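Here the structure is laid out as structure tokens; the discussion comes afterwards.
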Amino acid sequence: MNKNQMNRRAFLKASGISTAALALGTTGLMSFSESKVFAGTTKNNQATGGYGPLIKDPGGVMDLPRGFQYRIISEEGGKLSDGRPIPEKFDGMAAFSGPNHSTVLVRNHELSGNSKYPVIGKNPYRKEETGGTTSLVIGPNRKVTKEYVSSSGTIRNCAGGATPWGTWLTCEETLEEGHGYVFEVDPKNPENKISKTPIRDMGAFSHEATAIDPATGIVYLTEDAGPSYLYRFLPNDRSQKIGALQKGGTLQAAAVEELSTDEMSEFHTGQKFGIVWKNVDPEKPTLDAGNKGCIAFSRLEGAYFEGGVFWFDDTSAGDKNLGRVYRYIPASNTLELFYESTSQNDLEMPDNICITPWGDLWIAEDGGGVDRVIGMTPEGETYVFAENKVNSSELAGPTFSTDGKTFFINIQSPGMTFAIWGPFARKNAARRRLMGHAAPPAPYAPKVTDKLSAFAEVQGMSDLEAAAFQRHGMPIL
């Protein structure tokens, strides 16, 4: 953050103003003026659809479309409810319904070693470690009423994922001995025994994110390392209750292999390829997945499950290392390459992702430059919703309140959590499902040759499925 930005923030604090956006209003909120939804922008300001062009924030913090406003609801170094400092390095996050129309956020802190503002808990996994999670209770007025530590004693809590039963799976992104696990955090029962008990059968590796198929209880996991593998965890207990994942299960990694005769469609003969899941040793899953020929991705990041589809991204994949977005459809065992960036203007290094309540795919960038929230619609349009103007720190933890009216997101460093609201579209379950089967916007779609398209037809698969396989070594005959 530069000196001018610090001065602006210091002025706002000194004046007792806790919110920021574009123009001072009569309510005391700095807010965007109201307007209709209209065309959005990319980095080169080309109109492409969405919620409209971004309006410059005079506070130099977050640019948003006209009609939207934000409040910084939490900052590193501030005070938790018990008076201790709010830990730094904000990362992955999820929102849950709380009492009296409140929202409860669970937020990761990607900390290791000495930290200025560590996570200090009362019941840590390992008391010498500085990572963990905090939780925020936010009232209907979008102001924090309570903020507290919900788990501690872990390392590099990067991402994770919400469970259908109302808890948060926080993931350690580390290979340090005794770490690299997933922990379940219950925001309603913070720092309990489960929060400090690693789910060992989910594997010891450099975890990034998780997402759960509510129809089956299967947990999908991404790995942030090089090489990275895509895993799924088959729980022994599918009751989808707090603590059920602790009862163990089977860890598997995805591979592309030639299918046996029994697995081939009766309508297609000859050589055919598909996704297979191979059991791996949870104590050394990365080594085991590599030895078994599983798909080696570049560096997997965000994960999200919606409408029968598992979305995930590979942040540094592609010819220009700008990233890819995939979707996996369990019902058909289909892996598709949905998007492959070839230009920083389109999208640069996708990280955390979510499907909005009305059905768009939102992607937070971690490109080391001007990071944005990019939206993609089922109708094939793209737009920019937000742009971090503070510094080159990443955006992280995009999540919506359960009523769909408030969007929460973090700037990692200096740690700030934002509540953003405005004329969001209404919830639309049908459109959320549609996003899982829509064609990607043309500038983002993977380039497919005529030869590959012809091969896809022979294989009985879509071009997007063939592109995914071809990028990962499927021979094209």
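Observations
- With both labels modelled 7 Å from their Cα along Cα-to-Cβ, the W165 to N345 distance reads 4.9 nm.
- Above-threshold pairs, the threshold being 28 Å between Cα atoms, out of K146/K196; K193/K292; K188/K284: K193/K292; K188/K284
- Amide hydrogen neighbours beyond the local backbone of I73, cut-off 5 Å, H modeled: T417, F418, A419
- If the chain linking Y148 and N100 were pulled fully straight, counting 0.36 nm for each residue of separation and taking away their Cα-Cα distance, it would gain 15.4 nm.
- S392-K320 FRET efficiency (beta carbon distance; Förster radius 22 Å; 0.05 resolution): 0.70
- Furthest towards positive pole of dipole, A215, M435, G59, structure part the chain, Cβ charges: G59
- Most to least accessible of R433, R126, R142, R372 (protein chains only, probe 1.4 Å): R433, R126, R142, R372
- A 1.4 Å probe run over region 210-365, with the rest of the protein chains in place, finds 35 Å² accessible per residue.
- Listed residues H472, H207 arranged by accessible area, highest first, probe 1.4 Å: H472, H207
- Each residue, K122 and L175, gets one label point 7 Å from its Cα in the Cβ direction; the gap between the two is 3.8 nm.
- The chain, helix-only ellipticity at 222 nm - DSSP H runs n ≥ 4, -39,500 (n - 2.57), divided by all residues, nearest 500: -2500 deg cm²/dmol
- With one equal scatterer per alpha carbon and no solvent term, the Debye-computed log10 I(q)/I(0) for region 325-377 at 0.27, 0.29, 0.32 1/Å reads -1.13, -1.19, -1.27.
- The chain: relative contact order as a whole-number percent, Cα under 8 Å and 6+ apart: 14
- Charges were assigned to the Cβ only: +1 to each Lys and Arg, -1 to each Asp and Glu. The resulting dipole of region 54-436 about its Cα centre is roughly 1580 debye.
- In this rough spin-label picture, where each label sits 7 Å from Cα along the Cβ direction, the L259-K427 distance is 3.7 nm.
- In the chain, the portion of solvent-accessible area held by carbon and sulfur atoms comes to 49 percent [1.4 Å probe, whole percent, DNA, RNA and ligands not counted].
- Summing +1 for each Lys or Arg and -1 for each Asp or Glu among the other residues whose beta-carbon sits under 12 angstrom from that of Q459 gives -3.
The values are calculated or read from the model by the stated rules, or taken from the named source; none is laboratory data. If you're wondering where the values come from, they're calculated on a predicted model, not measured in any experiment. Counting neighbours? That spans all protein chains shown, and the Cβs are built from the backbone with ideal geometry, glycine included. Accessible surface is based on the protein model in full, side chains and every heavy atom, while ligands, DNA and RNA are left aside. Shrake-Rupley method; radii C 1.70, N 1.55, O 1.52, S 1.80 Å.
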